[in-house]
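Attaching a single structure in structure tokens format; questions to follow.
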Amino acid sequence: MSTYISEPNKHIEDYLDYYFDGKKNFEYAVLLNGAWGSGKTWFVKQYLEKKEDQGKKICYVSLNGITKTSLIDEAIFKSIHPILGSKGAKLAGQILKGTLKATVKIDLDGDSKSDGSISGGIPKIELPDYLKINDNFILVFDDLERCELKKEEVLGYINYFVEQENIKTLIVSNEEEIKDNDEYSRKKEKLVGATFSYTEDQDLAIESILMEVEDQELQHLLNSNLELIKQRFNQVGYKNLRSFKQTIFAFEKFYKKDYFSPKGDFDNEIFEKLLKAFLILSLENKKGRFDKKIFNFKPDLDEKLNKEPVDKIAEAISGFEGDDAQEFKKKYQMSFNDYIFSKNLWDQILNKNIITDALIEAELYEAYFRLKEDHPVWLKLWHYLNLSDEDFFALVKQAKQSIENSELTDVTDILHTVSMLIFFSEKKLINFSIEPLLDKAINRFKKIVNIDDRYKSISYFDLSEQLGGYGLYARDSDIFKSFLEKIADAYEEKYLEKNSERYSELLELMQTDPYSFYEKLTNQYYDYPILKCFEVEDFLDQLCKINFKNAMSVLDALNYRYKIISQSKIYLQEQDWFEKLIVLTNKKLVKSKGIEKHKIEEKFIPKLSQIKEEAYKG
């Protein structure tokens with residue numbers, strides 16, 4: 001069995017052993033170069049652990065963010081001074097801050113004998129004599145490219161230790177990030193005697209990262225899925241081991257055994273599916289694939305928006321709307337339902353670091369466990385090729401009756417049942433007419449579907465989230481696409497039917513909660529002409545009845561709705577309603593008196609005129 005840390009980089013390890021273990025006075029440093037996230041720092045730390053086990057004394061310093069050489073002095077002091085890890089840390093801190101003016105003797109190796117001193121005032125490293133004269137000391141400077149000092153200045157600083165103190169030194173850097181110049185080249189040529197490029201050892205690095213997972217049970221699960229993890233890492237194509245490490249640790253934070261065993265038995269299948277989705281979405285997110293929100297893809301160019309309605313429906317069902325989204329789908333060959341969770345829940349988990357057990361368990365149940373428990377007829381028909389004729393026709397009969405008798409209580413079951421019957425009909429496996437069933441299925445859908453005010457039409461209401469992780473057998477059928485268009489119409493009809501409730505709610509909020517009225521008008525309904533549902537007379541009467549502060553908040557909401565978010569062209573859709581409001585307000589002025597007349601004349605009418613003028617500008 002090889003004793004090397006990394007086979008592809010064993011030549012580096014051999015040379016470092018030669019450099020650090022030999023008795024020669026080399027009078028030069030070694031430079032290890034490698035891309036950010038390639039694993040070179042991990043390799044160095046693994047190597048240094050081996051050297052510590054062999055009795056070497058290590059001083060490891062990260063130059064990341066260093067702005068002056070005195071901070072490097074402090075970093076070196078902290079690395080080699082054992083007191084900093086003990087009760088004397090506060091005293092050492094005072095020394096570093098220069099608050100003690102007297103010379104303080106220090107014991108570096110714990111033998112109760114003074115090894116050197118730190119003079120008060122400015123921190124200054126005086127390395128103990130035994131470090132200067134033996135070969136047990138290794139000095140390592142990592143992250144050279146991230147140091148905020150001029151790189152040539154840092155090399156000059158490091159050169160002191162190499163040339164004057166004869167300390168063997170390793171410099172770790174990503175030279176691609178360093179802007180070379182004559183002075184840097186000159187300093188490097190003088191200081192560095194051997195340069196190596198680190199070759200990423202992906203498999204070893206991944207396995208080592210998994211070993212850092214503290215939950216031993218989870219670590220075993222991850223190692224059992226090692227090939228899946230490696231495949232996803234390579235498929236994403238973001239060869240950044242630091243980001244991968246962050247993803248694994250994020251999954252460790254997310255993981256709870258109870259998610260995958262609601263009835264007591266751990267379900268490996270859903271664990272593997274969720275792990276696969278987590279890896280893809282987290283790494284793609286770190287890679288910059290999404291715009292702020294998970295599954296938020298780049299929009300199509302305007303000239304590409306003229307798609308046929310059938311194509312739009314097909315994209316909505318797939319869960320990937322737009323060319324960029326379709327490319328993503330093609331890359332992973334996964335339907336949206338293969339990602340298990342909804343877009344909003346993924347965004348909470350990966351971007352907002354919010355882990356809500358109830359939401360996670362609810363979506364896992366609906367997307368996976370419900371189907372395993374209920375095992376609906378359409379799911380039994382899913383593997384129809386394995387069924388006998390007798391069983392197949394018995395299940396088809398049940399599926400047909402479930403639609404005829406309006407027995408289905410879940411949108412998922414309606415979509416899949418209709419899809420499979422259409423598919424079987426087109427394959428001539430059944431001989432009864434499908435058409436009479438479609439209207440019944442649409443009516444049942446309309447009755448049971450839950451209306452979410454955020455989703456006003458099929459463009460927003462993502463049917464793909466209702467498929468339970470299974471693709472639609474008849475997804476390419478024209479009959480089924482027509483069915484989906486009617487499903488979309490049914491949803492929109494039900495949405496419209498709730499407008500009277502929305503109207504009553506908004507009227508009430510004008511009086512009781514103008515902040516919520518503002519939020520609904522400028523956010524929830526920003527692109528929906530909800531005000532066309534208002535009787536203008538009712539709106540104006542309420543505006544005059546409520547207190548003045550609330551009334552002005554209502555008008556501010558109108559102003560923001562028509563001016564700031566005018567890209568939605570909502571004013572054009574509500575223009576007739578708004579102009580009627582202005583006409584009726586002027587008529588009400590004639591009939592009013594006292595405070596009401598003053599409010600209308602001095603505040604309401606000028607504000608309405610301003611809103612109209614600015615809406616036209618927008």
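If you find the alpha carbon centre of segment 369-421 and of segment 486-553, how far apart are they in angstrom?
That distance is 41 Å.
Just the accessible area for Trp36, please: 1.4 Å probe, Å², rounded to the nearest 10?
Here the residue's solvent-accessible area equals roughly 100 Å².
Same structure, new question: What accessible area, in Å² to the nearest ten, does a 1.4 Å probe give for Asp489?
Ignoring ligands and nucleic acids, Asp489 comes out at about 80 Å².
Under the Karplus relation 6.51 cos²θ - 1.76 cosθ + 1.60, θ = phi - 60°, what is the ordered set of whole-Hz ³J(HN,Hα) values for segment 534-548, x standing for Gly and Pro?
Result, ordered by residue: 7, 6, 4, 4, 5, 4, 5, 4, 5, 4, 7, 7, 6, 5, 4 Hz.
What are the ³J(HN,Hα) couplings of segment 430-443, residue after residue, when phi is run through the Karplus curve with 6.51, -1.76, 1.60 and θ = phi - 60°? Round to Hz, x for glycine and proline.
Once θ is set to phi - 60°, the couplings for segment 430-443 become 10, 10, 9, 6, 8, 3, x, 6, 5, 4, 4, 5, 5, 4 Hz.
Give the cross-link partners of Lys498 among the aspartates and glutamates, using a straight C-alpha distance below 12 Å as the criterion and excluding same-chain residues fewer than 8 apart.
Reachable aspartates and glutamates: Asp452, Asp453.
Just the accessible area for His598, please: 1.4 Å probe, Å², rounded to the nearest 10?
For His598, solvent-accessible area is about 100 Å².
Please turn the phi angles of segment 523-529 into ³J(HN,Hα) values with the Karplus equation 6.51 cos²θ - 1.76 cosθ + 1.60 (θ = phi - 60°), one per residue in order, whole Hz, x for glycine and proline.
Listing the rounded values in order: 10, 4, 10, 4, 10, 10, x Hz.
Another question, then. Taking amide H positions as placed 1.01 Å from N in the peptide plane, with prolines and chain starts having none, which residues 5 or more places from Ser62, or on another chain, fall under 5 Å of its amide H?
Distant-sequence amide H within range of Ser62: Asp142.
Something else about it: Please list, ordered by chain and number, the residues whose modelled amide H lies under 5 Å from the amide H of Val192; skip anything fewer than 5 residues away on the same chain.
Amide H neighbours of Val192, under 5 Å, 5+ apart: Ala29.
Show the residues, 5+ positions off or on another chain, whose built amide H is closer than 5 Å to the amide H of Ser197.
So Ser197 has HN proximity to Asn33.
Give a quick list of GluC sites (Glu not before Pro) in segment 513-618 that DSSP marks as loop, anything other than H, G, I, E or B, with at most 14 other Cβ atoms within 10 Å.
Loop-located and lightly packed - Glu535.
Within the set Lys51/Lys150; Lys230/Lys253; Lys293/Lys563; Lys428/Lys494, which residue pairs have Cα atoms separated by over 29 Å?
On the way: Lys51/Lys150 31 Å; Lys230/Lys253 20 Å; Lys293/Lys563 26 Å; Lys428/Lys494 35 Å.
Pairs exceeding the cut-off: Lys51/Lys150; Lys428/Lys494.
Now for a separate question. Let me check something: with ligands and nucleic acids excluded, how do Leu385, Leu279, Leu589 order by accessible area (1.4 Å probe), largest to smallest?
Values: Leu385 140, Leu279 5, Leu589 30 Å².
Descending accessible area places them as Leu385, Leu589, Leu279.
The values are calculated or read from the model by the stated rules, or taken from the named source; none is laboratory data. Computed from a predicted structure; not experimentally measured. Because the Cβ atoms are built from the backbone with ideal geometry, glycine has one as well, and the counts that use them run over all protein chains shown. The area values use the complete protein model at the heavy-atom level, side chains included, leaving out ligands, DNA and RNA. Shrake-Rupley method; radii C 1.70, N 1.55, O 1.52, S 1.80 Å.
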